[in-house]
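Participant: Structure provided below as structure tokens; questions to follow.
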Amino acid sequence: MLNMLRKIVQDVTQEGNFAVSVQRLAAHIKDALGTEVCSIYLTATADTGYVLAATDGLNASRIGEVLLAQDQGLVGLVGRRAEPLNLEAAPSHPNFYFVPEIGEEPFNAFLGVPILHQGRVLGVLVVQQREPRRFDESEEAFLVTLSAQLATTVAHAEALGSSIVAGVSADLITNGQFKGFAGAPGIGIGTGVVMHPIADLDAVPSRPAEDITIELMLLDRAIEAVRNDIRSLMQSLQASLPQEELALFDAYLHMLDDGALAGDIREVVRRGEWAQGALRKVIRQHVGRFEIMDDPYLRERGTDVKDLGVRVLAYLQRIREKKTQFPDDAILVGEEITPAMLGAIPAEQLRGVVSLRGSGNSHVAILARAMGVPAVMGALDLPAYELEGAVVIVDGHYGDVYTQPSEERLRENQSLLQQEQVFAAELDDLKELPCVTLDGWRVQLWVNIGLTSDITRSLDRGAEGIGLFRTEVPFMSQDRFPTEVEQRALYREHMEAFDPRPVTMRTLDIGGDKSLSYFPIQEENPFLGWRGIRVTLDHPEIFLVQVRAMLKANADLLCDLRIMLPMISSLTELRRAKQLIDQAYAEVLEEGVQVKRPQVGVLIEVPAAVYQARLLAREADFIAVGSNDLTQYLLAVDRNNPRVAELYQEIHPAVVTALREVARAVHAEEKPLGICGELAGTPAGAMLLMAMGYHVLSMNATHLLRVKWVIRSIKRSDARRMLARVMRMHTAEEVTPFLNQEMLRLGLGKVMPARLGSKADKPH
Ligand code: PEP
Ligand code: MG
């Protein structure tokens, strides 16, 4: 059974044409279960009913024509209950709905199973038989298992804009409305620019060739380049590999011959597809053939074909990349937008970002926030590859994306965008003013920084210090570890720019989702693995070079150097890090460079550190909370996983309690307390944190003036009353509406998401 399941799923996932693949699926299921009918009903869009997408056994000419309302018939019942329905005699069930001409009359036994993806019903699989009988448990289990495995494929096909049903051209984008997660606030209106990851075959869209001759030429050049690579690889391995192993490379070269892959790809291009799309199609077909083979050796050969495909694709993309031109109002759309892609479009032309993967806590989202570009993440259902050149609206406050909008929707969003721009101009006047509440409570507003280009933006917005320098960011753009001299120059640039304001340098925080190409870390569970301080304590040579560079960069400057340690989970780690910092300090003095002793602080990001906050505060010079990771670890929710993004709640009562406990512990030791997670840059978060007594709020420069406006508009006594109410709440679902309502009551509607905040213009 398992083997059969695997074959069916593979067959369906390999097929490029979704309508054909569901039809094949129906036939496979009918065979596997020995039934007389298998039909697949899919939901056409979120709020319409079901359409017959495939059938083997009923009248196939009605595919794409039979439409059932959401609550109609047994199919509707399966969808509504979201559980299987197993009936001996379907026609006598009260929900049975007679569909003319579909040919269901003779069938009695009925088993319907929902296709569910992330709690949403995407369709229903149905098998039927004449003989009145209940399908047995193993048949039901088979169908349920199959449906669970197929759900992702169906969702993905939908997301990529596949026409669900042959003959039904689903226009998914006109007046389209799609849901994702808020990535970076703001509204962006512009023209879709679709980007796919480098050399990710599965992400290549189908597209007609603009010029077939050019596509053929590009293909030839790419294939020739791969041939050359393989030949030089063979040459360099000649001495170290036995002849039989080298034969593998010969096989590769043969596969690239005209008689094999290359010929097939060329043929698809000649029929009008662009080279990358043709490559994906042909490779997929070939890989599919290998993968359904029973022999494990042959199955593996599929991997060789795929590898070749990826190599050719890499060249095709390199050739094309240089040519890319972007519209002036680009909305960057893709399956998985990476920081590099963000950088590919000139900032002044970028109006918004939409990624099918990732969540509001992914580093791409953090980067978008830093750049002040609205972003929506995890918009899983968005037909991304249909959006090249389309009008796209990104609402980064709510995580909504609108495609090819109506005039009315466009006008509404243009006016919201304009309101935002007017408020932004008003905020500019706050730059030089102190961040102090109406009743005189002073809070420091510092910035999180990573790129040199952030310096001017931060100072322009009146930043009073650097609360978090993510030193791994400059490391990521190199192809080797930067030397002490290089690091010193980079750190110096920041310190000089901020002097005499304090500068907090976090020691290298790699691992998790941040990797260096030249220091790869492969782990099953990277967020619980070798990350942050764990890496640098195991590599004191990296740590010492970095600390020495920081100390020397600080020489002769007034600004305080604060060294901050990420991912601390025990006092032992703090003590070992302090010893190394002492060693670096002594070495620098020995070299004759006169430097001040730095302050050493702990970043509280791990639940263990919350419970030991007082002890850590006693031995450290300052404490800061990394609420992004702390939320992730307290709630056990991967900050990058869109599937669980809804569970990532920064104002979850458990998180709020932890933040307050840390504040109490650090106050008891009378040490400075800061926070540099994203929560600090949100109006509601900043109010609660200020009420708890966090002295320093560090955030992306983008949020600085908004937060200052909020703090300057309220009394601390009001914020403390609000905090006291929040501390008595049991769920995040209670906290959010309460905070929104309070902010409206206090006249803070302007900093709230546009649609909510506009209510504040009404008298209250
Ligand atoms: C945090 O975890 O809150 C933090 C500030 O660090 P990063 O987002 O870089 O992991
Ligand atoms: Mg962190």
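Participant: Could you list, in sequence order, all residues of segment 55-77 that are within 20 Å of A90 (Cα to Cα) and not in a loop (DSSP other than H, G, I, E, B)?
Facilitator: Taking segment 55-77 as the starting set, the residues that turn out to be within 20 Å of A90 (Cα to Cα) are 55-59, 66-77.
Result: T55, D56, L67, L68, G73, L74, V75, G76, L77.
Participant: Might you let me know whether segment 550-568 holds any residue that is in the same structural domain as M505 (by TED's automatic domain parsing), assigned to a loop (DSSP other than H, G, I, E, B), away from ligand 2 (no atom under 16 Å from the Cβ) and among the small types (G, A, S)? Working first, answer last.
Facilitator: Residues of segment 550-568 that are in the same structural domain as M505 (by TED's automatic domain parsing), as a first pass: 550-568.
Keeping just the survivors that are assigned to a loop (DSSP other than H, G, I, E, B) gives 554-560, 566-568.
Those left that are additionally away from ligand 2 (no atom under 16 Å from the Cβ): 554-560.
Next, only the ones that are among the small types (G, A, S) stay: 555.
Yes: one or more hits.
Participant: If you take the residues in segment 596-607 that are within 27 Å of the chain's Cα centre (by Cα) and open to solvent by 10 Å² or more (accessible area, probe 1.4 Å), which one is farthest from ligand 2 (Cβ to nearest atom)? I'd like the intermediate steps shown before the answer.
Facilitator: Applying the first criterion (within 27 Å of the chain's Cα centre (by Cα)) to segment 596-607 yields 603-607.
With open to solvent by 10 Å² or more (accessible area, probe 1.4 Å) added as a condition, the list becomes 606-607.
Working: V606: 10, P607: 13 Å.
Here the residue is P607.
Participant: Of the residues A624, A680, A620, A658, which single one is over 30 Å from G119 (Cα atoms), over 17 Å from the mean Cα position of the chain (by Cα) and more than 15 Å from ligand 1 (Cβ to nearest atom)? Quick ask: steps written out before the conclusion?
Facilitator: Values: A624 fails: more than 15 Å from ligand 1 (Cβ to nearest atom); A680 fails: more than 15 Å from ligand 1 (Cβ to nearest atom); A658 fails: more than 15 Å from ligand 1 (Cβ to nearest atom).
It is A620.
Participant: While we're on this one: Taking segment 419-450 on its own, how many of its residues are assigned to a loop (DSSP other than H, G, I, E, B), open to solvent by less than 20 Å² (accessible area, probe 1.4 Å) and within 21 Å of G685 (Cα to Cα)?
Facilitator: First, pick out the residues of segment 419-450 that are assigned to a loop (DSSP other than H, G, I, E, B): 431-435, 437-441, 443, 450.
Narrowing the set further to residues that are open to solvent by less than 20 Å² (accessible area, probe 1.4 Å) leaves 435, 437, 443, 450.
Now drop any that are not within 21 Å of G685 (Cα to Cα), which leaves 435, 437, 443.
Number of matching residues: 3.
Per-residue answers, yes or no, for (1) modelled with pLDDT under 90; (2) within 18 Å of N640 (Cβ to Cβ):
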site	(1), (2)
A347	yes, no
H363	yes, yes
V376	no, yes
Q419	yes, no
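Participant: Shifting gears a bit: Restricting to segment 637-647, what's the tally of residues that are open to solvent by 60 Å² or more (accessible area, probe 1.4 Å) and within 15 Å of ligand 1 (Cβ to nearest atom)?
Facilitator: Of segment 637-647, the ones open to solvent by 60 Å² or more (accessible area, probe 1.4 Å) are 638, 643, 646-647.
Checking the rest, the ones that are also within 15 Å of ligand 1 (Cβ to nearest atom) come to 638.
Number of matching residues: 1.
Participant: Okay, moving on. Among the residues of segment 506-555, what is the count of those that are of a type in the set (A, V, I, L, M, F, W, C) and more than 16 Å from ligand 1 (Cβ to nearest atom)? Give the derivation first.
Facilitator: Here is the first cut: in segment 506-555, the residues of a type in the set (A, V, I, L, M, F, W, C) are 508, 510, 516, 519, 521, 527-528, 530, 533, 535, 537, 542-545, 547, 549-551, 553, 555.
Of the ones still in play, those that are also more than 16 Å from ligand 1 (Cβ to nearest atom) are 519, 537, 542-545, 547, 549-551, 553, 555.
Residues meeting the conditions: 12.
Participant: Filter segment 142-159 down to the residues that are over 13 Å from Q118 (Cα atoms) and open to solvent by 40 Å² or more (accessible area, probe 1.4 Å), then identify the one that is modelled with the lowest pLDDT.
Facilitator: The qualifying residue modelled with the lowest pLDDT is T145.
Participant: Right, another one. Condition (residue is farther than 30 Å from D428 by Cβ and either open to solvent by less than 10 Å² (accessible area, probe 1.4 Å) or part of a strand (DSSP E or B) (or both)) applied to segment 515-530: is it met by at least one residue?
Facilitator: If we filter segment 515-530 for residues that are farther than 30 Å from D428 by Cβ, which is where we start, we get 515-530.
From the residues that got through so far, the ones that are either open to solvent by less than 10 Å² (accessible area, probe 1.4 Å) or part of a strand (DSSP E or B) (or both) too are 516, 519.
Checking segment 515-530: at least one residue is farther than 30 Å from D428 by Cβ and either open to solvent by less than 10 Å² (accessible area, probe 1.4 Å) or part of a strand (DSSP E or B) (or both).
Participant: Continuing with the same structure: Got a sec? Which of T631, T572 is within 16 Å of ligand 2 (Cβ to nearest atom) and either at pLDDT 95 or above or assigned to a loop (DSSP other than H, G, I, E, B) (or both)?
Facilitator: T631 is the lone residue from the list that is within 16 Å of ligand 2 (Cβ to nearest atom) and either at pLDDT 95 or above or assigned to a loop (DSSP other than H, G, I, E, B) (or both).
Participant: Oh, and also: Name, by its number, the condition in (1) within 15 Å of ligand 1 (Cβ to nearest atom); (2) open to solvent by less than 50 Å² (accessible area, probe 1.4 Å); (3) touching a His at 6+ places or on another chain (Cβ under 9 Å) that does not hold for V503.
Facilitator: All conditions pass for V503, except number (1).
Participant: Sort out which residues of segment 497-514 are part of a loop (DSSP other than H, G, I, E, B) and on the phi < 0 side of the Ramachandran plot, and write them in order of number.
Facilitator: Our first condition is that a residue be part of a loop (DSSP other than H, G, I, E, B); within segment 497-514, this holds for 499-502, 507-510, 512-513.
Across segment 497-514, the qualifying residues are D499, P500, R501, P502, T507, L508, D509, I510, D513.
The values are calculated or read from the model by the stated rules, or taken from the named source; none is laboratory data. Source: prediction; values computed, not measured. Here the Cβ is made from the backbone with ideal geometry for all residues, glycine too, and neighbour counts use every protein chain on show. Please note that ligands, DNA and RNA were not included when accessible areas were found on the heavy atoms of the full protein model with its side chains. Shrake-Rupley method; radii C 1.70, N 1.55, O 1.52, S 1.80 Å.
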